[in-house]
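Presented below is the structure to which this report refers.
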Amino acid sequence: VIPGRLLLVDDDDDIRTIATISLERVGGWTVVAASSGAQALELASAGPPFDAVLLDVMMPDLDGPATLDRLRSGPLGPDVPVVFLTAKLQPADQERLNRLGAAGVLAKPFDPMGLPRDLERVLTR
Amino acid sequence: MQEAPLPSDEAARLEALRALAVLDTPQEERFDRITRIAADLFQVPICTITLIDANRQWFKSCIGLDVRETPRAFSFCAHAVLQDETLVIPDALADPRFADNPLVTGEPHIRFYAGHPLSSPDGYKLGTLCLIDREPRTLDAAGLARLRDVAKVAENELNALELSHALRRLSDSEQRLHAVMDGVAEGIVTFAADGRVLSANPAALATFAAEPGELLGFGVDQLVQGMTLDEIRARVGAVQPGAELDGRARILVTGRRRDGTHFPLELAISQATVNGEPLFIGIGMDVTHQREAERALRQSERRFRAIFDSAAIGIGLLHVEGPFVDANAALAQMLRRPVAGLRGTHLRELIDTADGVDGDELLSALRSGRARQFRQERRFVRGDGSMMWGSLTVSVLQEEDAQEPRFAIALLEDITARREAERVKDEFVSVVSHELRTPLTSIRGSLGLVTGGVMGELPDDVKSMLGVAEQNAERLVRLVNDILDIERLGAGRIDLQLADAAARGLLEQAVDTVSAMALEADVRVRVDAPGDVHVRADALRIVQALTNLLGNAIKFSPRGSEVLVAVTTSDGAALFTVADEGRGIPPELLDGIFERFRQVDASDSREKGGTGLGLSIARTIVEHHGGRIWAESTEGAGASFHFTLPLYAPGLGVLVIDGEDETESVTRIAEQVRALGHRPLVAHDAAEAIRLIADARPGAILLPLGDRCAEIRAALALDHVAREVPVVLVGPSLATDALLEELRTAIPLLRPGAVLIVEDDPSLGPILCRALESRGLHARLARDGAEAIQAVREAPPGLIVLDVVLPDADGFAIVDELRGEGLLGDTPLLVYSALDLDARARERLQGGKTEFLGKADATPQDVERRVSELLGRVAGEGPPA
C-alpha cells in the first residue's frame, strides 16, 4: 500500500488530532479530517478522490455505518476501502461491522506509533 | 305294488322321531333282547324294531336280516304306522298291495308280516315291532295280544331312551349354570316376590360375609341398608309394580354384611318367571376398592388442579400438533387472553415470528420422538397486540398407554423485565466502554506520539516519566477491556459459537497474537500439536484464553528461555498445556491463582503490566466450554497451565459400564470399541452412566455380566434418557467380531449398508466409502440418481450422503422422488456439493437431520467426520441444540 489521500472521520477533536499526526508523520498519509458524517460527505464530494477512509463508529447524528452507507452510494463509490475505528470491539460487533462492507476494523484505543502499520495490514488483506 | 301314503301328521311325526335321537345309533342289547324273545315266541325267522324315517325304514334292532335299512317305498311297516291296530299280512303273494314288492319277489322273500305300531309319548307312530316269515301264516287273537304286549315293551324302551336323554340334557345345563353361579365374581342372589332370599351364590356369601345357607329366607332389607325390594325396583326405574325391570340399570346402595358392617354395593336387578311365579335376581358387587381408588384419584386431581391454577408460572397443556388443550390462569394473564380463548389456539399463533422461526419445527421434533423437551426464549404476542419476552419450555407428556406422544406441557415464564434489564445493562456497558475508551485513546495516543519521538526529541528524564504515564495508560486500557470481558462472561451471557475447531489452529492463532511480545521478551514459543485433534469450541474465545495464558507465560519467562504450548488427548478430552521455565508459583498460591486480581507478587501487576484478570477470564471461558483449568508448578522450575476441552467427538459413543470394578476387562472392551471405530465412554456406576448418557448420548451401552447388572439396569430404566439407549450384556471375554455383531444388533446404523453414498465421481465415491469404514460404518455406493433410488427401495438406509450434481438427475430430483414414494421420512442427509445452496434450496433438500457441506472446503476426512457426527447424533437422539 502506498500511503495516499486518507479521509479521517471522528467527532472527538483530540483523537482526530492524534490520529492525523500519527498517520501523516509516522505513516506518510495525506490526511483530510472531518468531525462528522455530514462533513465527511461534503469533503468526499468536493476535493480530489481519496485512497482510503478511516471512520469512527459512534458519532452523533450520522454514525459510522450510516456515513459508510451514504459515502458508498454517493461520492465515494464502491471501490475505495473503508476501515472502521471503534471503541466497541466485542467479537459480535466486529462481525457486524465487517458485514457492512468495511475492509476491516481497528480498535480504540490505538497505539499511535503502530496505527499506520495496522491500517496497512488491513488494507492489504 | 302299492306304496304306503304319508301319515297326515308326517312332519310332526318326523320331528318326534328325530327328537328321540336314536336313528343311526349302534345296536343295543336292550332292544335286541326284545326282538330275540319275539322271534322265539312266535317262531319266525325275522323280527325287527323298525323306525320310519323320511325316505327309509331303519332297524334299531333286527333278527334274521343283514341290512339295517331299506327304502321306505317298499316298507310293510310304513303301512303299519298308518293304523292303531296290528297290521297282519297272512300271505303277501295273495295281497295285491305287496304281491310284486321286491322284498316279496326277492330277498328276503316275505310271505307273512305282522307289525304293531310303536308310538312316542305324544302319540306319534314312529315305527313298529314286526314279525316276518317266509311261509304264509296266521295270528290268532291270543297271538295278536302277545304281539301287542311285546310291542308295548319295545315302545317303553324306546321312550325311556328319550327320557334319559332329556334328563341328561337337563342336568348338564343345570351343572353348567351352577358352575357359572359358583365361578362369577359378582354376587348373585334370587328373591321371591315377597323379598325373601331363595338362593345366593358363593360370591354373594363372601360379599355379605355369610355362611352357606345362612342367607336363605332373609329379607332384602337385611342385605341392603334401609331398602325393600319395591324401593330397589323403584330405584332402577320400575316405578309401577309389575313394570318391566331394566336388568342393565345399576344403582349404588349400602350393603350390610352379616357382622353389621356396611359397604358400597353396586346392584343390578332383573326379573324372571319360574312356574308362573316372579323371581327377582339381584347381581351385586362390593365396590369399596373402586370407590377408594376413585376418591384418591379425584383428590390427586384436585391437588394438581390447585397447583395448576395457582402456579405463578404459565402452564398449558398442548397437543403435540400445536393447539392448546388447557391453560392455567397465569398463562392467560401473562398472554392477556382468556383461558377459553387459549384453548384451541395454536402455539404458532402466540409466537412472534418476526425473527423468522416458529415453533413448528421444534414441535415436529417432539412428535417424531427426536426430542423430549425444548426450551426457547421468544417474543410472544399478547391478546392486546403487545409483546412480551417469554422463556418457553415444552416437554412431551409421557402417557402410559400411548405409543406416539400426543400431548406436551408448555411452561411459560415472563422474562420481559429480565430482558429489559439486560438490554439496559448492555447499553450501559456499551456506553461506559465508549466513554472510557475515548479519553483513554487521547491520553494513550498523545503520550505515544511524544514518547515515540514524533513531536521532537525530549530530555531523557522527561521521556522516562512520560513512559511511566504511557505504560499505565496502556494498563488502564487492558483493565477496561478485561473488566468488560469479565462482565459479559460472568453473567453467562456470551453465546459461545461452538464448532469443530482444529486444536493446532487455535494454538497457532494465539502464538501469532503474542509473537511481537515474545520477540521483545526474547522468549521462544514452541508449538507441539498433532494435526488431528479437534475440539468443540468457540475459536475466538479459546484463542483469547490461550493468549492470556501465553502472555502470562512470556511475562514470567527469563530472557532466552522457552515457552511450550502443546495439545494432546487424555481421557477423551483435549488437554492444552502452556508451560514456561520461569520462577514458578508457590504451592499455597496454586489454587487461588485463577481468582480475580490474584497475582503471585503484589508488585507483579505493576512490573509486568498485567491486569490480574487474565487467568480469571481464561478460567471462565474454559468452564463455559465444559472444560477444567488448573496450574502446576515446581517452584523455581517453571509453571504449567493446563486446561481441557471436550473433543469434537464424532462417531458413535458406546458406553461401557464397569459395575464390578473389573477395570482390566472394561479397558479391554473400551479398546475393542475404539478398534471398531467408535468412541468408548466408561462409567463406574449407574449415576455416572446416566450423567454420561445425558452429555454424550451414546448409541449403545455395554454392560459386562456381573452381580450388579440387574441393579444397574433398573437404575437406567428409571432415567428417561438412559432408558432409550439399548443395553448389550457382554460376557467376560467377547471376541471383537462378536462384539461388532452385538453392536450391530443394538444399533441399526452400524449394519452393513446403513449409509448410502450418492456420488458420481469415480475416485471420490470409493474414497468416501473407505473413510467411513475407518469409523466402523459400512457404506453402499450409488453412482447416479437411478442407482440411488433403487438402493433406497431395496433397503432404506440410516443415512444418505448426497452429491447434488449427478449425471442423470440432480440431488433435488432424488430427494423429491424419494419423498414422493414415502421413502425419505426422517432419514438424515448429508448434502455434499460444489454448489452454494441458498435457503430455499436447502429447504427443498431437508430430510430428517440435514447437514450441508460445500465440496470446495470439504476433504473426505471432513465428510467422514460430519457423517459420523451425524450418525452419533441420530443414534443418540439428543435434543435440538
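The values are calculated or read from the model by the stated rules, or taken from the named source; none is laboratory data. Note that the structure is predicted; figures quoted are calculated from it, not measured. No Cβ is skipped: glycine too gets one built from the backbone with ideal geometry, and neighbour counts run over all protein chains shown.
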Residue within the stretch B:526-544 that is crowded, with 23+ Cβ neighbours inside 10 Å and over 30 Å from B:Gly653 (Cα atoms) present: no
Odd one out for B:Ala99, checked against (1) surrounded by 19 or more Cβ atoms within 10 Å (Cβ to Cβ); (2) small (Gly, Ala, Ser); (3) more than 16 Å from B:Ala38 (Cα to Cα); (4) in contact with a Leu (Cβ under 8 Å, 6 or more places away or on another chain): (1)
Filtered residues of the stretch B:444-453 (kept if surrounded by fewer than 21 Cβ atoms within 10 Å (Cβ to Cβ) and more than 8 Å from chain A (Cβ to nearest Cβ)): B:Val450, B:Gly453
Criterion violated by A:Met113 - all others in (1) free of Cβ contacts under 8 Å to residues at least 60 places away in the same chain; (2) under 30 Å from B:Ile483 (Cα atoms); (3) within 14 Å of another protein chain (Cβ to nearest Cβ); (4) surrounded by fewer than 19 Cβ atoms within 10 Å (Cβ to Cβ) satisfied: (1)
Single match in B:Ala518, B:Ala502, B:Ala469 (criterion: under 15 Å from B:Leu550 (Cα atoms) and at pLDDT 80 or above): B:Ala518
Residues within the stretch B:393-404 that are free of Cβ contacts under 8 Å to residues at least 24 places away in the same chain and either in contact with a Pro (Cβ under 7 Å, 6 or more places away or on another chain) or hydrophobic (A, V, I, L, M, F, W, C) (or both), tallied: 1
Condition check for B:Leu489: hydrophobic (A, V, I, L, M, F, W, C) and either within 18 Å of A:Met113 (Cβ to Cβ) or exposed (fewer than 14 other Cβ atoms within 10 Å of the Cβ) (or both): no
Single match in A:Ala33, A:Ala46 (criterion: away from chain B (no Cβ under 13 Å), touching a strand residue (DSSP E or B) at 6+ places or on another chain (Cβ under 6 Å) and surrounded by fewer than 21 Cβ atoms within 10 Å (Cβ to Cβ)): A:Ala33
Lone unmet requirement of (1) farther than 28 Å from B:Ile483 by Cβ; (2) surrounded by fewer than 22 Cβ atoms within 10 Å (Cβ to Cβ); (3) away from chain B (no Cβ under 13 Å) for A:Leu100: (1)
Lone qualifier among B:Leu479, B:Leu484, B:Leu496, B:Leu412 - being within 14 Å of another protein chain (Cβ to nearest Cβ) and within 30 Å of B:Val396 (Cβ to Cβ): B:Leu496
Hey, B:Pro439 within 10 Å of another protein chain (Cβ to nearest Cβ) and either more than 29 Å from B:Arg372 (Cα to Cα) or in contact (Cβ under 8 Å) with a residue 40 or more places away in the chain (or both) or not: yes
Residue within the stretch A:81-88 that is part of a loop (DSSP other than H, G, I, E, B), without any contact (Cβ under 8 Å) to a residue 60 or more places away in the chain, within 14 Å of another protein chain (Cβ to nearest Cβ) and not charged (D, E, K, R) present: yes
Selected residue [surrounded by fewer than 17 Cβ atoms within 10 Å (Cβ to Cβ) and β-branched (Val, Ile, Thr)] from A:Ile21, A:Ile2: A:Ile2
Residues of the stretch B:454-472 classified as assigned to a helix (DSSP H, G or I), over 20 Å from B:Ile483 (Cβ atoms) and away from chain A (no Cβ under 11 Å), total: 10
Within the stretch B:403-432, considering residues that are basic (Lys, Arg) and within 30 Å of B:Pro323 (Cα to Cα), the one surrounded by the most Cβ atoms within 10 Å (Cβ to Cβ): B:Arg419
Residue in the stretch B:176-192 that is surrounded by the fewest Cβ atoms within 10 Å (Cβ to Cβ), counting only those that are closer than 15 Å to B:Phe218 by Cβ and not β-branched (Val, Ile, Thr): B:Ala192
In the stretch B:651-667, residue nearest to the chain's Cα centre (by Cα) [restricted to those that are touching a residue at least 40 places away in the same chain (Cβ under 8 Å) and surrounded by fewer than 20 Cβ atoms within 10 Å (Cβ to Cβ)]: B:Glu660
Unmet requirement for B:Glu422, which otherwise passes all of (1) away from chain A (no Cβ under 13 Å); (2) modelled with pLDDT of 90 or more: (2)
Every residue from the stretch B:792-815 that is modelled with pLDDT of 75 or more, in contact with a helix residue (DSSP H, G or I) (Cβ under 8 Å, 6 or more places away or on another chain) and surrounded by fewer than 17 Cβ atoms within 10 Å (Cβ to Cβ): B:Phe812, B:Ala813
Failed condition for A:Gly28, given (1) away from chain B (no Cβ under 11 Å); (2) surrounded by 16 or more Cβ atoms within 10 Å (Cβ to Cβ): (2)
Residue that is modelled with the lowest pLDDT [pool: residues in the stretch B:657-682 that are hydrophobic (A, V, I, L, M, F, W, C) and not in a loop (DSSP other than H, G, I, E, B)]: B:Ala675
Yes/no for A:Glu95 being assigned to a helix (DSSP H, G or I) and over 22 Å from A:Val122 (Cα atoms): no
Test: B:Leu739 is loosely packed, with under 15 Cβ neighbours inside 10 Å and either within 31 Å of the chain's Cα centre (by Cα) or more than 18 Å from B:Val654 (Cβ to Cβ) (or both): no
Candidate set: the stretch B:600-614, residues that are in contact with an Asp or Glu (Cβ under 8 Å, 6 or more places away or on another chain) and at pLDDT 75 or above; chosen: the one surrounded by the most Cβ atoms within 10 Å (Cβ to Cβ): B:Gly614
Qualifying residue in the stretch A:1-12 (condition: outside any strand (DSSP E or B), touching a helix residue (DSSP H, G or I) at 6+ places or on another chain (Cβ under 6 Å) and either modelled with pLDDT of 90 or more or within 14 Å of chain B (Cβ to nearest Cβ) (or both)): yes
Of all residues in the stretch B:372-402 being under 17 Å from B:Val325 (Cβ atoms) and aliphatic (A, V, I, L, M), the one that is surrounded by the fewest Cβ atoms within 10 Å (Cβ to Cβ): B:Ala402
Output for the stretch A:7-31, where each listed residue is within 23 Å of B:Gly453 (Cα to Cα) and among the hydrophobic types (A, V, I, L, M, F, W, C): A:Leu8, A:Ile15, A:Ile18, A:Ala19, A:Ile21, A:Leu23, A:Val26, A:Trp29, A:Val31
